[in-house]
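The values are calculated or read from the model by the stated rules, or taken from the named source; none is laboratory data. In this text, all values refer to a predicted model and were calculated from it rather than measured experimentally. Cβ placement follows ideal geometry from the backbone for every residue including glycine, while neighbour counts extend to all protein chains displayed. These accessible areas exclude ligands, DNA and RNA; they are computed on the full protein's heavy atoms, side chains included. Shrake-Rupley method; radii C 1.70, N 1.55, O 1.52, S 1.80 Å.
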Amino acid sequence: SIRPPFVSGGDLEVAFLKAFKHTDTKDQRVVWEELVSDLEGDFPMSRLLCGDVGFGKTELAIRAVFRVVVNGGQVVVLCPTSILVSQHFGVFSERLSLFGVEVASLVGGASVAEKIKIKNRWLDKKIDVLISTSAALYDNVFIRLASFFVVDEEHRFGVKQKEVLVNKFVNKDVLFMSATPIPRTLHLGLSGIHSISTLSTPPVLRKPINTIVSYFSKNLIKQAIYFELSRGGQIFYLHNKISTILSVRSFLLRLCPPLRVAVVHSRLGNKKIKKTVLEFINKKYNLLLCSSVIGSGIDIPNANTIFIDNAHLFGLSQLHQIRGRVGRGASQGFAYLFLPKQSKLTPSGKKRLRSIEQNSSLGSGYALSRSDLEIRGGGSVFGY
C-alpha cells in the first residue's frame, strides 16, 4: 500500500451528507461510490469526473474533500481563474465550515503579507482546504503537505501547468473535473490512465438550453433581450475583442434603452472584475457584456440568455462551457451563437457549430468531447 486509506467519517460523515439541500441524482450516487472506493483503496486516486455545468460535480468534490480532512489530510483545490476561486470559496465554506473545516483562498494578486500569513497557517495545519489559482502550484509547501488535489475545469490549465501538476502529484490523490474534458485529457481517460466518472442525469426541473446558430442580427438580439427582460431575467453578451467592447456597449444601449450594461474583461484587474460580477448578481445591471473571462464556473441562476459574438472562433469545449452559464435554474435558457455575415467558415468550424447545436440536450458535454476528439484528434498521450 502506498498510503493509508481514507476511512469513513462515521456519524459525522452521515450528518455531513444529510446536510446537502438537494436530492442526489442517480449518477451522483454512483459516482460517490466510485470516489469512496478510490479513497478507501490502497493506491492514490487519479480520476476524471465529467459532468455538465450544474450537474453536481462540486458537491461530490466537497464530499471527497470532507472525507480526506476527517482523516487528518489537507487539500488543495485548483481553479483556473480568481473569479472561480472566490465562487468556490463561498460554496466550500458554506458546506464545510459548519463541521469545523477551515477553508482559505489564495490568488496570484494577493499581497506578500497575505501570502505569508496563508503559508504559515497552512504549515501550522490551521487551514484544511486551500482554494487557489495556479499560484499554489509554484510553492512546494502547499504541494508537499497536501494529500488530496481537486483540479476544477482542468481543460482551462495550459500544457505547462499540467506538466507541473503531473510531476508534483506523484503518489498523491487527484480528482480532475471538467464539463467538457479537452481531447487530450479524454484520450488519457480512454487510454485507461485515469478512471473516468460521468454525471449525465440532469438535476430535477432543469431544461435543455435552446441553442440558435445564426448570422449576426439586430432584430434577433432585440427580441431576445426584450423577452428576457419581460420575465425578469438577466443576460450575458460575450464579445471577445477588448478593443471594440465599448462600441458594442453603445450599440446595445441604442438598441434597447432599458438595459443597464456592465462591462467585464481580463484587463480590468481582479478586484474590479469581482466587484462588477457581484453587482450583476445583485441585479444592479441586467446585462453583463464580457470577454471569455465569463467561461469559468460563474453561477448566476437569474441569467438565462447568452449571446456569443463570432462563435466560430471558439473551440467546442469553450462554447459548451460558455453556453452552460445560462439555464441553471428552472427557467428555459437560450444561447445565440452569432457569425459575421461575410464569414467563410472552415470545414472544422462548421462541424464544431453543428455539433454544439445538435448537442443541446442536458448532459451532452461528454458527447461533445468525443465529437471534438474526432474533429481535432487525440494529441500525444505524453505531452507535446
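Total residues in region 221-244 satisfying the condition of being of a type in the set (A, V, I, L, M, F, W, C), out of contact with any Ser or Thr (no Cβ under 7 Å at 6 or more places or on another chain), open to solvent by less than 70 Å² (accessible area, probe 1.4 Å) and in a helix (DSSP H, G or I): the figure is 3.
Looking only at residues of region 164-178 that are touching a residue at least 12 places away in the same chain (Cβ under 8 Å) and open to solvent by 30 Å² or more (accessible area, probe 1.4 Å), we find that the one that is farthest from L145 (Cα to Cα) is V164. Among the residues of region 78-121, those identified as more than 13 Å from A136 (Cβ to Cβ), outside any helix (DSSP H, G or I) and among the small types (G, A, S) are G100, G109, S111. The one condition from (1) under 29 Å from A61 (Cα atoms); (2) at pLDDT 90 or above; (3) in a loop (DSSP other than H, G, I, E, B) that V204 does not meet is (2). Among the residues of region 49-59, is any in contact with a His (Cβ under 8 Å, 6 or more places away or on another chain), hydroxyl-bearing (S, T, Y) and open to solvent by 30 Å² or more (accessible area, probe 1.4 Å)? The answer is yes, given that some residue of region 49-59 is in contact with a His (Cβ under 8 Å, 6 or more places away or on another chain), hydroxyl-bearing (S, T, Y) and open to solvent by 30 Å² or more (accessible area, probe 1.4 Å). Taking every residue in region 127-154 that is on the phi > 0 side of the Ramachandran plot and pairing it with any residue that is open to solvent by 10 Å² or more (accessible area, probe 1.4 Å) and not aromatic (F, W, Y), at least 6 positions away or on another chain, the pairs with Cβ-Cβ distances below 6 Å are E153/P80. Taken residue by residue, region 255-268 has at least one member that is part of a loop (DSSP other than H, G, I, E, B), without any contact (Cβ under 8 Å) to a residue 12 or more places away in the chain, under 16 Å from Y285 (Cβ atoms) and open to solvent by 10 Å² or more (accessible area, probe 1.4 Å).
Answer with yes or no whether R63 is more than 27 Å from V277 (Cα to Cα) and open to solvent by 20 Å² or more (accessible area, probe 1.4 Å). So R63 fails the test. Looking at T305, T276, just one residue is more than 30 Å from S111 (Cβ to Cβ), open to solvent by less than 30 Å² (accessible area, probe 1.4 Å) and not acidic (D, E), and that residue is T305. Are any residues in region 122-132 part of a loop (DSSP other than H, G, I, E, B) and open to solvent by 70 Å² or more (accessible area, probe 1.4 Å), and if so, which ones? Within region 122-132, D124, K125, K126 meet the criteria. Would you confirm, using the coordinates I've provided, whether F89 is farther than 17 Å from L12 by Cα, open to solvent by less than 40 Å² (accessible area, probe 1.4 Å), aromatic (F, W, Y) and in contact (Cβ under 8 Å) with a residue 12 or more places away in the chain? Judged against the criteria, F89 is not a match.
For the subset of region 74-83 comprising residues that are within 15 Å of L175 (Cα to Cα) and surrounded by 22 or more Cβ atoms within 10 Å (Cβ to Cβ), which member is farthest from the chain's Cα centre (by Cα)? In this case the residue turns out to be V75. Of all residues in region 112-126, those being aliphatic (A, V, I, L, M) and touching a residue at least 12 places away in the same chain (Cβ under 8 Å) number 2. Suppose we keep only residues that are touching a Phe, Trp or Tyr at 6+ places or on another chain (Cβ under 9 Å) and open to solvent by less than 50 Å² (accessible area, probe 1.4 Å) within region 92-104. Which one would you say is farthest from G10 (Cα to Cα)? Among residues in region 92-104 that are touching a Phe, Trp or Tyr at 6+ places or on another chain (Cβ under 9 Å) and open to solvent by less than 50 Å² (accessible area, probe 1.4 Å), the one farthest from G10 (Cα to Cα) is A104.
Residues in region 36-74 that are in contact with an Asp or Glu (Cβ under 7 Å, 6 or more places away or on another chain), of a type outside the set (K, R) and part of a strand (DSSP E or B): Q74 alone.
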